[in-house]
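Read the figures in this text as sums done on the coordinates, not as results from a lab. The structure displayed is predicted, hence computed values, not measured ones. With ideal geometry, Cβ positions are generated from the backbone for all residues, glycine too; neighbour counts draw on all protein chains shown.
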2 protein chains.
Amino acid sequence: MKAATIRDVAERADVSVASVSRVLTGAGPVTDSTRKKVLEAVEALQYVPHSGARSLSTSKTQTIGVILPDLYGEFFSELIRGMDVAARAFGYHLIVSSSHDDAEEASAAIRSMRGRVDGLIVLSPHLDAANLASSLAGRLPILLMNGGADAGRPSIVVDNHGGAVQAVEHLIATGRRRIAHISGPTGNLEAETRLAGYLQAMADADLPTTVVEGAFTQASGHRAGAELVAGRNRPDAIFAGNDMMAVGAMLALQDAGLSVPDDVALVGFDDVPIAGLMRPGLTTLRINIAETGRSALERLVRLINAAGEAVADTACEVVRPELVVRPSSNPATQARTNSGERAREAAGTSSLKGENPQ
Amino acid sequence: MKAATIRDVAERADVSVASVSRVLTGAGPVTDSTRKKVLEAVEALQYVPHSGARSLSTSKTQTIGVILPDLYGEFFSELIRGMDVAARAFGYHLIVSSSHDDAEEASAAIRSMRGRVDGLIVLSPHLDAANLASSLAGRLPILLMNGGADAGRPSIVVDNHGGAVQAVEHLIATGRRRIAHISGPTGNLEAETRLAGYLQAMADADLPTTVVEGAFTQASGHRAGAELVAGRNRPDAIFAGNDMMAVGAMLALQDAGLSVPDDVALVGFDDVPIAGLMRPGLTTLRINIAETGRSALERLVRLINAAGEAVADTACEVVRPELVVRPSSNPATQARTNSGERAREAAGTSSLKGENPQ
DNA sequence: CAATTCCGTGTAACCGATTACATGACACAC
DNA sequence: GTGTGTCATGTAATCGGTTACACGGAATTG
């Protein structure tokens, strides 16, 4: 039994294919009686329009492609969730291609999506991918989320620089002066922007800087933390380029017998779920990822609908991270209030939607 | 400038559309000179075949749909990663639709994918979704990962029952006898299967059971843990239905001034990244999620290619969880060796691939 | 009552690929 | 030199929708 076509439906409803199409697309005039007959036939035949055929005649696919680098954990899922919910609301589908960690792979993925999607959202922490993406995509609307403001094309970036400044200013405000930074890997735009923010905030406060390079991994954070406490002139605060390195550093500090935050305060970046579950809870910078994903998708849909017209949208939208203060950066003089914080954290589910079946 | 069609390519290469098609699909004989001319024209025109048109004439979309419930964090991203990598290897694209938490929504998603995909992978922890999926999909190959063995259709399930038995037997082996269970929400297949495994293992060992119902969330685990330690006849071990509840319970125990594992041992399920980062590290059951996703996709591709033929594949593949022993379930008599474990965990990146840009 | 408008409906062209079949060139054998 | 077989290539039908245009019947108007 082959799938029903629009002609089967037309025949069964005793109308023309044009009427069936009009009922189904909602375009053009039809009487109620015709509509009723068509819908009955559709129901009876379990008819679903062939999307390929539709896309052939309308040259729209109602599909949006998402190109992602190697993202892990909460970040990935929240982002897709936000985009997916928005996509459904607009009647779009989402084609996802993940794990593209170099420009080569990413451009292959873009190429393979051409003709299959109405627009692309490209996340890429790689310096050169932005141009690649735009040249490869031809006339396809593209929204970049590559972490670097790329003037002249629609994009969304996280204010990594501002976030880093916030982190440093917070540490200064709580009385720290010897503030070190564990940076992310060289070549990663986000890492470099966060580093730049750290350097600037320290310069503004006239404080000396210490930077150890990490790789955005927990292990590298552990190594960097160990290195920092072993050196002379031990810092009284560490701002890590992301939460995973902060977690590694925290464990290294505790291994060395130091107290966080009394001996060394600690601030991360991203607010991954683990941040709130560490003891002490990790101060960090939060980005509402799902919201960012939703917003990215909505913007792309607008770009698609406006295609060809006044391309007024070349702005670079900035998402500002929010500082979430937890005990890891309590003022140096303050007594520990571990249990209170612990109870609060344990009761809340804000950063952790728990269900995780299978 | 509209996109080039196969006719433009044919014209430019001074051959027929048939030859262009033959070169591009690799089917049929062509001389090297023709191939060369065609490829040059393709390159010059930046030609990409229209997937809709192709799908119309071949009735294949080279796309696989994935229907997911509300999944969070690592589970979601690992699963998609595994599927995505496999899909690329087979030349397939992945359409993802997530956040379907009731059968209604899930079936709407399935319907909207008909005609757009060559096959479906449906994850659903809902009891009735299995039948729904199969009836809605028509002749579309479907692979179920709904957590309940559903004889007669291709499916992949996690051995939740066996995992729970392993957990309980492990706790018994380390000397515990008063073992309580924090279950997941009623109506969730996985939760119920894990509960059943607990009950069976306890019955086999002739031990009395205690069950408190949770909701797979950290907060519910915290409540359940508090309730368990407050009651008379405090358990000396708790097996939680998932890691998030185990984490909540651990914090509740520590809030109550109890030591894990000395006073109460703790075992979770899933091996989320946080499990290894808790202090003490949480004993749990690990599933290689990416691998499971990859395997699911490969199996579906096989189903697609075999469509219509001998549908010999109606088996229910079982994925067995692996017990990961960490300090939260150390034998009751053993001294704490926190620092050793801590160093090991911090050095390893096994469960945590750290990069988490933006 | 005829003329005009309006509007629901049907016919058929079109979107851009694939592919069965026809064609024609060429080589080889008799 | 004609016949036969092989094989690269071209022609045209086809997939299943959408939609411009034509058409015809009812309602409105003079």
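Taking each residue as 0.36 nm, the span from residue A:43 to residue A:59 lengthens on full extension beyond its C-alpha to C-alpha distance by 3.1 nm. Electrostatic tally near residue B:94: other residues with Cβ closer than 10 Å to its Cβ, Lys and Arg +1, Asp and Glu -1, net 0.
Straight Cα distances below 18 angstrom link residue A:36 to the aspartates and glutamates A:8, A:11, A:14, with same-chain residues fewer than 8 positions distant left out. In this calculation the C-beta distance from residue B:16 to residue A:31 is compared with R0 = 30 Å, giving a FRET efficiency of 0.05.
Straight-line cross-link partners of residue A:60 among the aspartates and glutamates, defined as a Cα under 19 Å from its Cα and at least 8 positions apart when in the same chain: A:84, A:118, A:298, A:309. Loop-located GluC sites (Glu not before Pro) in segment B:249-310 (DSSP state other than H, G, I, E, B) with a sparse environment of at most 15 neighbouring Cβ atoms within 10 Å: B:309.
What FRET efficiency comes out for residue A:288 versus residue A:5 if R0 is 56 angstrom and r is the Cβ-Cβ distance? Round to the nearest 0.05.
Calculated value: 0.80.
Computed 3J(HN,Hα) for segment A:38-50, one whole-Hz value per residue from the Karplus formula 6.51 cos²θ - 1.76 cosθ + 1.60 where θ = phi - 60°, is 5, 5, 4, 5, 4, 4, 4, 8, 6, 6, 10, x, 6, glycine and proline marked x. In nanometres and ascending order, the distances from the residue A:209 label point to those of the other copies are 6.0 (point 7 Å from Cα along Cα→Cβ). Restricting segment A:226-306 to trypsin sites (Lys or Arg not before Pro) that sit in a DSSP loop and have at most 11 other Cβ atoms within 10 Å of their own Cβ leaves A:232.
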